[in-house]
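Chemist: Got a structure for you, questions after.
The values are calculated or read from the model by the stated rules, or taken from the named source; none is laboratory data. Computed from a predicted structure; not experimentally measured. Methodologically, a virtual Cβ is constructed for each residue, glycine included, from the backbone with ideal geometry; neighbour enumeration extends over all protein chains shown. Only protein heavy atoms, including side chains, enter the accessible area calculation; ligands, DNA and RNA are left aside. Shrake-Rupley method; radii C 1.70, N 1.55, O 1.52, S 1.80 Å.
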Amino acid sequence: MTMQETRGERSVLIIDDDEFVLRTTGFQVQRLGYPHVLTAKSAERALALMAEASPPVGVVVTDLNMPGFDGIALLRHFNEQGFDGDVVLISGEDSETLNMAESLARARNLRVLGAVAKPIDPLQLARVLSTAIAPAAAPPPGGQRVSVEQVAAAIEADAFEPWFQPKIDVASREPVGVEALARWPGAPSGPVYPDAFIPVAEAGGLIDALTDRLVDKAVAAGAAWRASGLALKIALNVSMDSLHDPTFPTRFCARIEARGTSAGQFLLEVTESRLMEELAMPLEVLLRLRMKRVRLSIDDFGTGHSNLAQLRDLPFDELKLDRSYVQGVADGGRTRAILESSVEMAKKLKMSIVAEGVETLEDWRRVEQLGCDQVQGYLTARPMPGDAIPGWVAAWPEARRRIFGAE
């Protein structure tokens, strides 16, 4: 499927009470390759267009400041109606207000591509929309629904696969590891993303079985890479449910050692936003893993509510900065201050720092300047099947020259 075909499969709806903004923004979006562009001068008109649009509206570009039914109320309506498209916010407000609006939209479970300040910079708008229109980068469809029975059957059929996204050392610009990401590529209705099946697996008591399958396949992939002379550390995401199971460290390490691999080749990522106030059992499990020489990472840092005492007490080796901070640091202000403080704190705690969501050379430059140790993101590589990793590594020197030039 070409990018042009992907763009043509859904409409873009632009909402603003300023006729000039509607015309100019609509023209810019069409130049980006979207053939179906709708415009509305009010939220009420926008909702009417969405009900009858063909192809359906997949991207909404909305102003925040509109008389009466404004963009903020529209976000609440989208959440209540289960809108599963992408949202771009535009406004003449300051960057901190735009950042707050993005946070509100995400809190309402909407897929926010970003915010663009007025007057709209065509290059910034193109960058934000590029994450919606590139087929391989398209966010997981929020409308996907799977049942516990479907997930159980897929586990039994061994249908889940780990795909791997490389992690690049900032100083040497060489690949040093990968993150294993759960994928269900062969589902009857097409690929299903983790946002759809992981919560179902957790709710249905299936997460341990799913994790075991993914660990086995990730370990096998790592063994095959090492046999070809390629040594990459593998990061795996771990569910909070597993951290409440005192047998998890023993089971996890047994699966690794059964293939002749050392636990030190693996790093477990724990999502910060899911850390719980009751930390006794997770702390015990993490401590046991640490004593077995498994490295530990706190993922999506900045999205949850962990306090400094938790960072002090939990034995993490690595801190992964959430992509919303990495991509928002260009706006300066509070985002940059928080990011700088997080990096400084992690270094004082002797943690390595990984920046997620690095999509442009500008992103790389910023996180490099901040002192991050590794990067992960579409600038360097997208997730790929395990058997594609050796070929990607072999091609990396040429790709690196294209990205960085002759530096």
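Chemist: Taking amide H positions as placed in the peptide plane 1.01 Å from N, state which residues far from Leu296 in sequence (5 or more) or on other chains have amide H under 5 Å from it.
Modeler: Amide H neighbours of Leu296: Leu268, Asp317, Glu318.
Chemist: Next question, about the same structure. Which entries in the list Lys217/Lys350; Lys118/Lys167; Lys217/Lys348; Lys118/Lys347; Lys167/Lys217; Lys118/Lys320 go over 27 Å, if you measure between the two C-alpha atoms of each? Could you put the intermediate results ahead of the total?
Modeler: Numbers: Lys217/Lys350 31 Å; Lys118/Lys167 35 Å; Lys217/Lys348 35 Å; Lys118/Lys347 37 Å; Lys167/Lys217 19 Å; Lys118/Lys320 31 Å.
In this structure, Lys217/Lys350; Lys118/Lys167; Lys217/Lys348; Lys118/Lys347; Lys118/Lys320 lie more than 27 Å apart at Cα.
Chemist: Taking θ as phi - 60°, what are the ³J(HN,Hα) couplings along the range 284-299 by the Karplus curve (6.51, -1.76, 1.60), each to the nearest whole Hz, with x for Gly and Pro?
Modeler: 4, 5, 5, 5, 5, 4, 4, 5, 8, 6, 7, 7, 10, 10, 9, 8
Chemist: Now a separate question. Can you send over the solvent-accessible area of Met281, 1.4 Å probe, protein chains only, in Å² to the nearest 10?
Modeler: My reading of the accessible area for Met281 is about 60 Å².
Chemist: Whose amide H sits under 5 Å from the amide H of Val170, counting only residues 5 or more places off or on another chain, with H placed in the peptide plane?
Modeler: Under 5 Å from the amide H of Val170: Gln374, Val375.
Chemist: I need the phi-derived Karplus couplings for the range 364-381: 6.51 cos²θ - 1.76 cosθ + 1.60, θ = phi - 60°, integer Hz, Gly and Pro marked x.
Modeler: Using θ = phi - 60°, the values come out as 4, 4, 5, 6, 5, 5, 6, x, 5, 8, 9, 10, 8, x, 5, 4, 9, 5 Hz.
Chemist: What net charge is computed for the residues neighbouring Cys372, neighbours being all others with C-beta under 12 Å from the C-beta of Cys372, Lys and Arg scored +1, Asp and Glu -1?
Modeler: Details: positive: Lys167, Lys320, Lys347, Arg365, Arg366; negative: Asp169, Glu318, Glu340, Glu344, Glu356, Asp363, Glu368, Asp373.
Every neighbour counted, the sum reads -3.
Chemist: Residue separation times 0.36 nm, minus the C-alpha to C-alpha distance between Glu362 and Met281: what's the value? Could the numbers behind the result be given before it?
Modeler: Numbers: separation 81, 0.36 × 81 = 29.16 nm, distance 4.13 nm.
Net length gain for the segment: 25.0 nm.
Chemist: With every protein chain kept in the model, how would you rank Met291, Met50 by accessible area, 1.4 Å probe, largest at the top?
Modeler: Highest to lowest solvent-accessible surface, that is Met291, Met50.
Chemist: Cut-off 10 angstrom, C-alpha nodes, Gaussian network model of the chain. Which of Glu356, Glu149, Glu202 fluctuates the most?
Modeler: It is Glu149.
Chemist: Put +1 on the Cβ of every Lys and Arg and -1 on every Asp and Glu Cβ in the range 342-397; which of Gly386, Val375, Ser342 then has its Cα farthest towards the positive end of the dipole?
Modeler: Ser342
Chemist: Also: Evaluate E = 1/(1 + (r/R0)^6) for Asp94 and Arg401, where r is the Cβ-Cβ distance and R0 equals 30 Å; express this FRET efficiency to the nearest 0.05.
Modeler: E(calc), rounded to 0.05, equals 0.15.
Chemist: Run the numbers on the chain and let me know its relative contact order in percent, using alpha-carbon pairs under 8 Å that are six or more apart.
Modeler: Across the chain, relative contact order equals 11 percent.
Chemist: Work out the length of the dipole vector of the chain about its Cα centre, built from +1 on the beta-carbon of each Lys and Arg and -1 on the beta-carbon of each Asp and Glu, and round it to the nearest 20 debye. Could you put the intermediate results ahead of the total?
Modeler: Values: 43 positive and 56 negative charges, 232 e Å.
Computed charge dipole of the chain: roughly 1120 debye.
Chemist: If amide H atoms are built 1.01 Å from N in the plane of the peptide, which residues on other chains or at least 5 residues away come under 5 Å of the amide H of Thr271?
Modeler: Val238, Asp299
Chemist: For the chain, what is the accessible area per residue in Å², given a 1.4 Å probe and the full set of protein chains?
Modeler: Per-residue value: 46 Å².
Chemist: So, one more: Taking θ = phi - 60°, what integer Hz values does the Karplus form 6.51 cos²θ - 1.76 cosθ + 1.60 yield along the range 65-79, in sequence order, with x for Gly and Pro?
Modeler: 9, 9, x, x, 6, 8, x, 5, 5, 5, 4, 5, 5, 4, 4
Chemist: Continuing with this model, one more query. Tell me whether the range 179-301 comes out rounded, prolate or oblate; compute the Cα gyration tensor, take square roots of the eigenvalues as a ≥ b ≥ c, and use a/c under 1.5 as the rounded threshold. Could you put the intermediate results ahead of the total?
Modeler: Numbers: a/c = 1.72, a/b = 1.04, b/c = 1.66.
It comes out oblate by the Cα gyration axes.
Chemist: Right, here's the next one. With every protein chain present, what accessible area does Arg173 have (1.4 Å probe, heavy atoms only), rounded to the nearest 10 Å²?
Modeler: 40 Å²
Chemist: As an exercise, use a Förster radius of 35 Å and the Cβ-Cβ distance of Asp17 and Ala153 to find the FRET efficiency, rounded to the nearest 0.05.
Modeler: So the FRET efficiency works out to roughly 0.10.
Chemist: Let me ask another. How large, in percent, is the carbon and sulfur part of the accessible surface of the chain at a probe radius of 1.4 Å?
Modeler: 53 percent
Chemist: Using a Förster distance of 22 angstrom, determine the FRET efficiency expected from the C-beta separation of Glu257 and Ala231, and round it to 0.05.
Modeler: Values: r = 18 Å, r/R0 = 0.80.
Approximately 0.80, to the nearest 0.05.
Chemist: Right, something else. Under a point spin-label approximation (7 Å from Cα along Cα-to-Cβ), what is the Met240-Leu49 distance to one decimal in nm?
Modeler: Result for the modelled spin labels: 4.0 nm.
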